[in-house]
Amino acid sequence: MGGGTSFPREPLDRNKVVIVTGGNTGIGYETAKWIAMLGAKVIIACRSETRAREAIKRMKEEYQEEKQKETNGIIQDGDIYVQFMQVDFASLQSTKEFIETFKSSGTKLHTLVCNAGLGLGPLEFTEDKNELVFQVNYLSQFLLAIHLIPLMECSDADDCRIVLVSSDGHKLAHAFNVSSIQGKQLTEDNFECFRNYGDSKLYQVMQMYFMNRRLKGTNISVLSTHPGSVMTEFGRNMECSRTCCLYCFAYTMKFCHCVKTPFEGAETEIYAATAPQLKGTRDVYYADCKPATTSSQSRNMENQEALLKVSLEMLKDYIPDDIVHRWSTKS
Ligand SMILES: NC(=O)c1ccc[n+]([C@@H]2O[C@H](COP(=O)([O-])OP(=O)(O)OC[C@H]3O[C@@H](n4cnc5c(N)ncnc54)[C@H](OP(=O)(O)O)[C@@H]3O)[C@@H](O)[C@H]2O)c1
């Protein structure tokens, strides 16, 4: 189902540190578990401590089973290293607290996998007055990335990566409009959850392009992925209108050849985060561990720069001037 291609089962440096957001379930769970089984230190950034601790317990049990089976590439000595850190991306304050806690721990960082996401629920706004899906899927994790980039730059590694888990749903986004990014114009009557989700995934693809422009010549590259259509808890808040159902159906027919397990869904994410041959690769969107095409509007540089500008404006109380200056300047 994964198209026969997968990530290399090659041991990772035991000092490599990887953050996987939303690593307690679904695609993120498999990503965190496999990266840890290949030897890296993994931090799962999750909103529920209970769910995260249960996930870590299950990962450790599953690791023992894989060890028994002598699965290729996984570490054979000791245990996997998976740690929990709390964050709720529906709150910029919580995201900032996560960043401060991580920075003050003195831990190095080599890879950031922005996997946490939601969609297909009813229209909701956050305490920061942003539409919920936009903030969780894009804005808060953009804030996380720009704060953690300096840590990655001063790490000892020459191959640091940011993996943005997007979706082919980005191809069903509305026409990009800078004035509607935050979702203030949305009401229950005009809200189409699937296209709204697509908008958030479009912003992530655009983020890959504007970030890479500024990270050229550094040890960090940004990649984006589409996991496929995966059986996870993703649809748990599904509340579809007729229009939304139509889009879901179109999406399934057009983009999904078959439904994947969470492991199969995670393969592309793990590949983008770990495959040694991707060192220094930028601006590639992967599906089934192969380069895939992004939508033409996501590739529009003017739109990308407009998105970056409004994002920095929305986050101005959460980022210091030097970071604003760096990201405001196109190299
Ligand atoms: N499943 C698919 O078919 C599919 C297709 C294309 C793209 N994707 C993308 O793949 C990624 C993973 O999705 P999935 O299918 O694995 O979904 P999932 O099973 O629902 O997992 C989503 C993860 O995101 C976390 N999350 C949600 N809201 C959060 C918040 N406010 N703060 C922190 N974490 C939050 C969830 O935490 P809780 O457990 O606490 O809710 C969970 O860990 C998402 O970005 C999704 O858009 C999925």
Q: Return a whole-number percent for the relative contact order of the range 17-328, with Cα pairs under 8 Å and 6 or more residues apart as the contact set.
A: 19
Q) Once label points are set 7 Å from the Cα along Cα→Cβ at both LYS108 and ARG195, what is their separation, rounded to one decimal in nm? A) 4.8
Q | Theoretical gain in end-to-end length, THR101 to HIS174 [0.36 nm per residue, Cα-Cα removed] | A | 22.6 nm
**Q.** Highest to lowest packing among 295-302, 71-78, 165-172, scored as the average C-beta count within 10 Å
**A.** 165-172, 295-302, 71-78
Q.
I need the peptides 197-204, 184-191 ranked by packing, meaning the mean over residues of other C-beta atoms within 10 angstrom, with the highest value on top.
A. 197-204, 184-191
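If you wrap a convex hull around the Cα atoms of the range 143-184, how much volume per residue is inside, in Å³?
Spread over its residues, the Cα hull of the range 143-184 gives 118 Å³ apiece.
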Q. Using only Cα atoms, what Kirkwood radius does the range 82-220 have, in angstroms?
A. 15.9
Q: Using Cα pairs closer than 8 Å and at least 6 residues apart in sequence, work out the relative contact order for the range 94-176, in percent.
A: 44
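Mind running the shape call on the range 1-125? Use the C-alpha gyration tensor, a ≥ b ≥ c as the square roots of the eigenvalues: rounded below 1.5 for a/c, prolate if a/b tops b/c, oblate otherwise.
Details: a/c = 1.96, a/b = 1.45, b/c = 1.35.
It comes out prolate by the Cα gyration axes.
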Q) When we measure straight from the Cα of LYS260, which aspartates and glutamates land under 12 angstrom away, once same-chain ones fewer than 8 places off are left out? A) ASP288
Q.
Which residue fluctuates most in the GNM of the chain (Cα springs below 10 Å): THR268, THR31, THR281?
A. THR281
Q. In whole angstrom, how far apart do the alpha carbon centroids of the range 126-159 and the range 45-117 sit?
A. 16
Q) Using the beta-carbon distance between ASN15 and ASP77 and R0 = 22 Å, what value does 1/(1 + (r/R0)^6) give for FRET efficiency, to the nearest 0.05? A) 0.90
**Q.** Among PHE142, PHE234, PHE263: highest mean-square fluctuation, GNM of the chain, C-alpha pairs under 10 Å
**A.** PHE234
Q. Out of every Cα pair in the range 17-328, what percent are spaced more than 27 Å from each other?
A. 38
Q: Determine which residues of the range 176-211 fall in the zone a paramagnetic label at SER296 would reach in this model, i.e. backbone nitrogen under 14 Å from the point 7 Å along Cα→Cβ.
A: 176
(Q) Checking the table LYS103/LYS129; LYS41/LYS279; LYS69/LYS108; LYS201/LYS290; LYS103/LYS184; LYS279/LYS330 against a 21 Å threshold on Cα-Cα, which pairs fail? (A) LYS103/LYS129; LYS69/LYS108; LYS103/LYS184; LYS279/LYS330
**Q.** Distance between modelled label sites at GLN185 and GLU127, nm, 7 Å Cα→Cβ extension
**A.** 2.9
Q. Net charge near GLU267, counting Lys/Arg +1 and Asp/Glu -1 over other residues with Cβ under 14 Å of its Cβ?
A. 0
Q. Highest GNM mean-square fluctuation, the chain, Cα pairs closer than 10 Å: which of THR95, THR21, THR50?
A. THR50
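Just so you know, all these numbers are worked out from the coordinates, no wet-lab data involved. Worth saying up front: this structure is predicted, and the values here are computed from it rather than measured. In this analysis, Cβ positions are derived from the backbone assuming ideal geometry, glycine residues included, and neighbour counts consider all displayed protein chains.
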